[in-house]
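Since every read-out is calculated from the coordinates, none of them should be taken as a lab result. Treat the numbers as computed from the prediction; the structure is a model and nothing was measured. So basically every Cβ, Gly included, is an ideal-geometry build from the backbone, and we count neighbours across all protein chains shown.
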Amino acid sequence: MPKLRHIAIAAEDPEAMAEFYKKAFDFVEVGRPNGALADGVFLSDGTLNMAILKFKTDQLGKGMDFRGIHHFGVLVEDVDEFTRKLDSLGAEHYIDQGHGGNQAGYFEKKFYGPEHILFDIAEHGWAGAEPLPEPVKEAAE
Amino acid sequence: MAKLRHLAIACKDPDAMAEFYVKAFDFEIVRSNDGPLAYGHHLSDGTIDLAILRFKSDQIGKGMDYTGLHHFGVLVDDLDAAAKQVAASGGKHYMDQSEPERVGGFETKMYGPEGILFDIAEHPWTGSAALPAKVKEAAE
C-alpha cells in the first residue's frame, strides 16, 4: 500500500518554524531545500519528511500570503502506474520533476485531487522519510 | 521521538473525497463520525490517520469556506510532558478533548508559529501505528 511520507507547510519564516518543531518534538533536520519552487528546511520524525517552506509561486491558488499546511506526499512503488490511476480517477496533473541528481529527495509529480487539494507522488522518497515496507514475500525470504 | 501520525483535510464533501483516496491509494476507511467539531472519515495507510472532514467551526482563522490541508497530529509518549515542552517552545494551547475517556483522536490542540494548528495525543489515532517504544514494550 502507498504510504503518506511527506507534509509541507507554507511558512513566512521557515528557519524559526523549524526551530520550533525541533524543540517541541525533537524532530531532526535532514536538509535545506533551495529550489525554483521553494526554500526552507526539511525535518524528519524518522518516518515522515516535514518540509517547512517559503514558496516562490502560488501552487494552491490561495495567494502568496497563504500560511498553513500546504500539501502532502505519498510514496508509491511505481509513479507511472499511479499517474495512470490518478488520471483515471479525475485527478489533475500539475507538474513533474526529474528523479536524480540534486532533485533526489523531492516530489516527482504533483496532482490536484478533489476540491483542488495538492499532493505529490514519488517512488524515491523524501529526505529522511522511511522507505516503503518490503513486500511480505520478499521479507519472508 | 514523537511521531507525525495524523493529517486532516478540510473539505466540502468528505464522502466523495474519501472515496477518491480509497480508490487512488488503497487507503482504508477506519472510522466515520459526526462529532461536535466535524463530520467525516478517517483513512489509514497503516501508519498515518488521514482525516477528511467538514469542520463545524473555524479553528484556523481562515473562515468556514476554507478547503485544504487543515492540521496535523503528533503522537507523543506523555501528553502532559509534551504539552509543557510545546508551550516552553512557544506553542499556545487551543483546546482539550472534551471527553477524556475518548481515545483514537486528538487529546490537545495547540498552535505553533504562524498560527499552524496541530494536535498532540498519547493514544494512537484509530488505524495509525503506535510509537516504536510502545510496540517494543508490548512485545516484551
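General remarks:
- Local electrostatic count at A:ASP39 - Lys and Arg +1, Asp and Glu -1, tallied over other residues with Cβ under 13 Å: 0
- In sequence order, the range B:120-125 has phi-based couplings of 10, 8, 9, 10, x, 4 Hz under the Karplus curve 6.51 cos²θ - 1.76 cosθ + 1.60, θ = phi - 60°, and Gly or Pro positions carry x.
- If you model chain A as an ellipsoid using its alpha carbon gyration tensor, with each semi-axis the square root of five times an eigenvalue, the axes come out at 24, 21, 13 Å, biggest first.
- Fluctuation leader among B:LEU117, B:LEU43, B:LEU69 - chain B, Gaussian network, Cα springs under 10 angstrom: B:LEU69
- Amide H within-cut-off set for A:GLY31, under 5 Å, with H built and near neighbours excluded: A:PHE42
- Within the listed set A:HIS116, A:HIS70, A:HIS93, the residue fluctuating most in the Gaussian network model of chain A (springs between alpha-carbon atoms under 10 angstrom) is A:HIS116.
- For the range A:18-73 and the range B:66-140, distance of Cα centres in Å: 19 Å
- With both residues required to sit in the range B:3-139, DSSP beta bridges show an antiparallel share near 75%.
- Summarised as an ellipsoid, the range A:1-48 has semi-axes of 18, 16, 9 Å, derived from the eigenvalues of the Cα gyration tensor scaled by 5 and square-rooted, with the largest first.
- 3J(HN,Hα) along the range B:51-63: 9, 10, 10, 9, 7, 10, 8, 8, 6, 10, x, 10, x Hz, from the Karplus curve 6.51 cos²θ - 1.76 cosθ + 1.60 with θ = phi - 60°, whole Hz, x for Gly and Pro.
- Between the amide H of A:LEU37 and any residue lying 5 or more places away or on another chain, no distance stays under 5 Å, with hydrogens modeled in the peptide plane.
- Amide H contacts of A:GLY68 (H built 1.01 Å from N, in plane; Pro and chain starts excluded): A:ALA10 sit under 5 Å, all sequence-distant by 5 or more or on other chains.
- Loop-located trypsin sites (Lys or Arg not before Pro) in the range B:54-100 (DSSP state not H, G, I, E or B) with no more than 14 neighbouring Cβ atoms inside 10 Å: B:LYS56.
- Which of B:GLY105, B:PRO132, B:LEU4, positive extreme of dipole for chain B (C-beta unit charges): B:LEU4
- Our summary gives the range B:3-139 a relative contact order of 27 percent, counting only alpha carbon pairs under 8 angstrom and 6 or more residues apart.
- Efficiency of FRET from Cβ geometry, A:LYS54 and B:ALA87, R₀ 30 Å, rounded to 0.05: 0.70
- Solvent-free Debye scattering, log10 I(q)/I(0), computed from the Cα coordinates of the protein assembly as shown at q = 0.08, 0.11, 0.13 Å⁻¹: -0.30, -0.59, -0.85
- Theoretical gain in end-to-end length, A:VAL28 to A:TYR94 [0.36 nm per residue, Cα-Cα removed]: 20.8 nm
- Stokes-Einstein diffusion for the range B:3-139 at 10 °C, viscosity 1.306 mPa s, with a Kirkwood radius from C-alpha pairs, works out to 103 µm²/s.
- Result for chain A in a Gaussian network model with C-alpha springs under 10 Å: among A:LYS22, A:LYS54, A:LYS62, the largest mean-square fluctuation is at A:LYS62.
- Dipole magnitude for the protein assembly as shown: computed about the Cα centre from +1 point charges on Lys and Arg Cβ and -1 point charges on Asp and Glu Cβ, it is near 540 debye.
- Counted over the protein assembly as shown, the DSSP beta bridges are approximately 75% antiparallel.
- With a 10 Å cut-off around each Cβ of A:66-78, the average count of Cβ atoms from other chains is 4.
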